[in-house]
Every structure is written in structure tokens, then in C-alpha cells.
1. Nearest 500 deg cm²/dmol is fine: what mean residue ellipticity at 222 nm does the chain get from its DSSP H runs of n ≥ 4 alone, each adding -39,500 (n - 2.57), divided by its residue count?
2. Fewest first, what order do THR87, THR63 take by the number of other Cβ atoms within 10 Å?
3. Mind jotting down a quarter of the surface of the convex hull over the alpha carbons of the chain, in square nanometres, one decimal?
4. What percent antiparallel are the DSSP beta bridges of the chain, to the nearest 5?
5. Working out 0.36 nm times the residue gap between ARG100 and THR38, then minus their Cα-Cα distance, what length gain in nm do you get to one decimal?
6. Output wanted: per-residue J couplings in Hz (rounded whole) for region 12-18, from phi through Karplus 6.51 cos²θ - 1.76 cosθ + 1.60, θ = phi - 60°, x for Gly and Pro.
Amino acid sequence: MDKVIVIVSSLGLIGFIYWFFLGKNDKESAMSTDIKITVSGGYSPESVTVPVGKPVKLTLTRTDPTNCLEEFVIPDLKIKKTLPLNTPVTVVVTVTSTGRYVFHCGMNMYHGQITAR
């Protein structure tokens with residue numbers, strides 16, 4: 001009986017771990033050209049979809065005083081912006097080809113992505 005309890009508990013724990021780490025979907029916004037991103041312990045939404053060839057306005061508002069989040073970087077698009085605390089900063093991006101463009105904080109600890117379609 002003890003072995004059955006251990007096996008059932010183990011399978012339940014494995015299922016929970018799988019759901020928690022692998023089963024969650026990214027928080028993704030609908031395709032838009034005007035996107036608001038909250039910067040607090042990461043980026044919310046952390047994944048956005050934008051149209052190719054159209055200017056996209058990203059408005060970032062940092063509410064987290066962590067020094068790492070002071071900078072917003074999109075390396076592939078050569079964009080680097082300073083984000084003052086509690087002040088919206090607008091970045092206009094025009095993506096010219098489909099694909100994924102990763103963005104991150106100044107220390108490369110917090111990440112997100114822009115998917116261009």
C-alpha cells in the first residue's frame with residue numbers, strides 16, 4: 001500500500017511540474033500596432049505579435065525599481081532605451097521581415113519577444 005501511495009504522489013508531482021513549467025502558454029497579445037508593456041519583475045505581456053512593414057508603437061512603463069530593468073534592449077533592431085521609473089517611454093519599431101525578435105533588460109536577465117507576421 002505504501003508503494004502505491006508513493007507512485008501516485010510521484011505521478012501527481014511530475015504532472016504538476018510539467019504543467020507549471022512546460023504547460024503554460026506565453027502571455028501573448030493580439031497583433032497590434034499600439035502595444036503597452038508593463039515592466040515589473042519582467043515584461044507583461046512578454047510576447048507580442050506585430051505586422052511586418054508597419055510602424056509599431058511600444059509604450060513601456062517600468063514600475064519595478066530593480067536596476068536591471070532600467071534598460072530595454074532589442075539587439076536585432078539596434079534599439080536601447082532607458083526606462084525611468086513610473087514614466088511611460090514610447091519606442092517606435094518597424095520590422096521589415098517576418099520572424100522573432102528577442103528583447104531583454106540591460107543585464108539580459110528578463111526576456112520577451114516580438115513576433116512579426
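What follows draws every value from the coordinates through simple rules; no lab data is involved. Predicted, not measured: the structure shown is a model, and the values here were computed from it. Every residue, glycine among them, receives a Cβ derived from its backbone with ideal geometry; neighbour counts consider all protein chains shown.
1. Calculated mean residue ellipticity at 222 nm is -5000 deg cm²/dmol.
2. The order, fewest Cβ neighbours first, is THR87, THR63.
3. Averaging across all directions leaves 9.2 nm² for the Cα convex hull.
4. 60 percent
5. So the extension gain works out to 20.3 nm.
6. x, 5, 4, x, 4, 4, 4
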